[in-house]
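Take a look at the structure set out below.
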Amino acid sequence: MKKIFLFLAATVLVFACSKIIPGFLSPTLGYTDKTIVCKRGLTFVQSQKINFDGSTSPIKFKLLEIRDPNGGKAPAEFFQTYDVTQFKAGMVFDPKLDTTVELLNKKRETTKTTPFLFNESTGQFTFNQASGHLPLGSFAFDLSAVNVHGSRTLDSAGVIKISDPTADDLFTLNGTATSGFSDATGVATGAKVPLVTCTKVSTDGARIILKYVDKNGTPWNPKAGEIIIRGGRPSFTDYTRFHPIEFTDTAMICDFEVAPFPLAHFVDGTGYDWGFLMYYRIPSQFVSIDGFPPTGYSANPYVTFQVKLEGTYIVQVKLSDAVHR
């Protein structure tokens with residue numbers, strides 16, 4: 001009994017002299033999905049949080065390094081600052097009140113920011129419009145994690161995959177059609193559905209270049225009256241809020257300032273909601289339509305679309321069965 005007592009006493013003494021490390025830092029904490037996708041140029045893209053896996057909070061994460069696909073240092077664009085125009089804290093756009101650039105600018109400010117911010121409490125990456133300057137590719141990164149228990153390094157904690165936005169991220173086509181309209185009888189007869197495309201040509205500005213072209217790609221001239229408004233129905237002009245339409249030899253140009261464009265449905269004086277519909281007519285002296293008499297028929301195209309992000313775009317409406325005269 002004396003020996004057992006001495007053994008127990010020694011055991012207690014050993015444990016009493018051992019330092020107890022508080023908390024817990026899991027050896028397997030990390031992202032559930034290690035691939036973080038950034039569609040460059042989008043206004044807001046945020047990654048998931050790191051899974052603490054039972055680790056004691058708070059944990060402070062630090063971004064140690066980002067590497068290029070060859071293992072070298074990440075391109076300088078990741079850490080450079082760029083001008084980004086955004087709404088001030090607590091401010092939001094109100095389409096009913098913010099009807100001029102001056103009123104809009106009271107709510108906006110231009111700040112310098114890197115293409116992403118890293119949250120040291122959650123491990124989240126938040127990308128902004130400046131990410132439009134980042135190169136395409138996959139970039140591995142390392143982190144460190146520190147809490148009351150200790151610290152550890154997360155080598156190759158994840159991969160940032162920089163890709164371009166999809167067409168659906170940039171543009172929605174809600175509908176389009178055209179008809180041949182008889183100048184003599186006023187009867188409209190359906191024609192081939194136009195082909196509508198949206199091409200982003202720059203991340204700068206907030207501009208739409210709207211073009212109507214024939215099946216050979218020849219544009220009609222809005223400045224010369226080759227495209228006219230159909231009375232009583234909305235057109236491109238009815239959705240411009242901040243700047244007047246510029247008419248050129250080949251296109252109608254709108255600087256829309258704030259995405260999406262159009263910002264809101266067009267509701268006429270009777271209360272009828274036209275959605276985003278835009279109607280035009282190409283007078284008969286400027287168009288010939290396949291399958292119709294060679295003269296006396298105008299083309300009546302309509303389109304309804306929405307551009308979702310700032311940038312410069314060409315929206316082209318191609319009348320695939322018509323020829324410019």
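Based on what the data block shows, is residue 183 farther than 30 Å from residue 83 by Cβ and surrounded by 16 or more Cβ atoms within 10 Å (Cβ to Cβ)? Walk me through how you get there before you give the answer.
Numbers: farther than 30 Å from residue 83 by Cβ: yes; surrounded by 16 or more Cβ atoms within 10 Å (Cβ to Cβ): no.
For residue 183, the condition - farther than 30 Å from residue 83 by Cβ and surrounded by 16 or more Cβ atoms within 10 Å (Cβ to Cβ) - is not met.
Kindly indicate whether residue 193 is surrounded by fewer than 16 Cβ atoms within 10 Å (Cβ to Cβ), among the hydrophobic types (A, V, I, L, M, F, W, C) and either within 20 Å of residue 320 (Cβ to Cβ) or not assigned by TED's automatic domain parsing to the domain that holds residue 266 (or both).
Numbers: surrounded by fewer than 16 Cβ atoms within 10 Å (Cβ to Cβ): yes; among the hydrophobic types (A, V, I, L, M, F, W, C): yes; either within 20 Å of residue 320 (Cβ to Cβ) or not assigned by TED's automatic domain parsing to the domain that holds residue 266 (or both): yes.
Yes, satisfied.
Just one of the listed residues (100, 185) is among the β-branched types (Val, Ile, Thr) and over 30 Å from residue 247 (Cβ atoms), namely 185. Would you confirm, using the coordinates I've provided, whether residue 267 is at pLDDT below 95 and of a type in the set (Val, Ile, Thr)? Considered against the rule, which asks whether it is at pLDDT below 95 and of a type in the set (Val, Ile, Thr), residue 267 comes out as yes.
Here are some residues: 303, 323, 317. Which one is touching an Asp or Glu at 6+ places or on another chain (Cβ under 6 Å) and assigned to a strand (DSSP E or B)?
Just one listed residue meets the conditions, 323.
Each row is one residue, and each column tells you yes or no for (1) buried (at least 16 other Cβ atoms within 10 Å of the Cβ); (2) outside the structural domain of residue 131 (by TED's automatic domain parsing); (3) in contact (Cβ under 8 Å) with a residue 12 or more places away in the chain.
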position	(1), (2), (3)
268	no, yes, yes
271	no, yes, no
283	yes, yes, yes
316	yes, yes, yes
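Against the test of being over 23 Å from residue 170 (Cα atoms), modelled with pLDDT of 95 or more and of a type in the set (Val, Ile, Thr), the options 253, 209, 228 yield a single qualifying residue, 228. The numbered conditions (1) surrounded by 12 or more Cβ atoms within 10 Å (Cβ to Cβ); (2) modelled with pLDDT of 95 or more; (3) in a loop (DSSP other than H, G, I, E, B) are all true for residue 61 except (3).
Would you confirm, using the coordinates I've provided, whether residue 217 is in a loop (DSSP other than H, G, I, E, B) and free of Cβ contacts under 8 Å to residues at least 60 places away in the same chain? Talk me through it step by step, then tell me what you get.
Numbers: in a loop (DSSP other than H, G, I, E, B): yes; free of Cβ contacts under 8 Å to residues at least 60 places away in the same chain: no.
Criteria not met by residue 217.
The values are calculated or read from the model by the stated rules, or taken from the named source; none is laboratory data. Here the structure is a predicted model, which is why all the values come from computation and not from measurement. FYI the Cβ positions are ideal-geometry reconstructions off the backbone, even for glycines, and counts take in every protein chain you see.
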